[in-house]
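The values are calculated or read from the model by the stated rules, or taken from the named source; none is laboratory data. This one's a predicted model, so the numbers in the text were calculated from it and none came from an experiment. Positions of Cβ are generated from backbone atoms using ideal geometry, with glycine treated the same way; all protein chains shown enter the neighbour counts. Areas reflect the complete protein model, heavy atoms only, side chains present, ligands, DNA and RNA absent. Shrake-Rupley method; radii C 1.70, N 1.55, O 1.52, S 1.80 Å.
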Amino acid sequence: NAGVTQTPKFRVLKTGQSMTLLCAQDMNHEYMYWYRQDPGMGLRLIHYSVGEGTTAKGEVPDGYNVSRLKKQNFLLGLESAAPSQTSVYFCASSYANNEQFFGPGTRLTVL
Amino acid sequence: GQQVMQIPQYQHVQEGEDFTTYCNSSTTLSNIQWYKQRPGGHPVFLIQLVKSGEVKKQKRLTFQFGEAKKNSSLHITATQTTDVGTYFCAGRRNTDKLIFGTGTRLQVFP
């Protein structure tokens, strides 16, 4: 089992460009999450999903959109990237509210 | 809103010394989880505490959940270089989302 995978691993964008981060899990988890991690800020929840076709806002949802068309995939979109979105993005999945399994992360730089 | 604070932010210890990180919530929690993130890595689940006053041990790691379910601690006995990383607590109120603390970065000198 691969667990939770994320693509890409690294990306550099210019201000105003768009991109999609892909998260996939093979553990048949219902719940999936997108976090961003910034120095000194810990992990902050952007959006999450409790099942296929459902999404909800987390602590810092502005500037991001998500989709959960398939149970195993959770996409995070940036429509118009801003330098404030420079961060490391982690996807995670879980069985209900139990332990969360994290992907390896995507390091995004917005110039 | 719910906040989860951790102290200290950083801790440097000599190998063999003990280490403790503390987690405090502004609200009563239904449960708390602890994660470890190695440098350059991703968070990895360590343990979940649910009951008031609960104490759990994993080898040299001891986890406690406060009586009021608003604070928690992680204590490492006789640190080793393999303990290096950032330790996060994450608290949940009822069925709400998990809120992560700001983390404590541990550095161990040989």
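In table form, for the structure just shown:
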read-out: Residue match in segment B:40-60 (condition: more than 11 Å from chain A (Cβ to nearest Cβ), at pLDDT 95 or above and in contact with a His (Cβ under 7 Å, 6 or more places away or on another chain)); value: no
read-out: Evaluation of A:Y33 against (1) aromatic (F, W, Y); (2) open to solvent by 60 Å² or more (accessible area, probe 1.4 Å); (3) under 11 Å from the mean Cα position of the chain (by Cα) (one fails), failing number; value: (2)
read-out: Segment A:83-111, residues that are hydrophobic (A, V, I, L, M, F, W, C), outside any strand (DSSP E or B) and more than 12 Å from chain B (Cβ to nearest Cβ); value: A:L111
read-out: Any hit, segment B:15-38, residues being more than 10 Å from the chain's Cα centre (by Cα), closer than 24 Å to A:Y89 by Cα and open to solvent by 10 Å² or more (accessible area, probe 1.4 Å); value: yes
read-out: Which numbered condition A:S80 misses (of (1) more than 23 Å from A:G42 (Cβ to Cβ); (2) part of a strand (DSSP E or B)); value: (2)
read-out: Residues satisfying the stated conditions in segment A:1-51, i.e. at pLDDT 95 or above and acidic (D, E); value: A:D26, A:E30
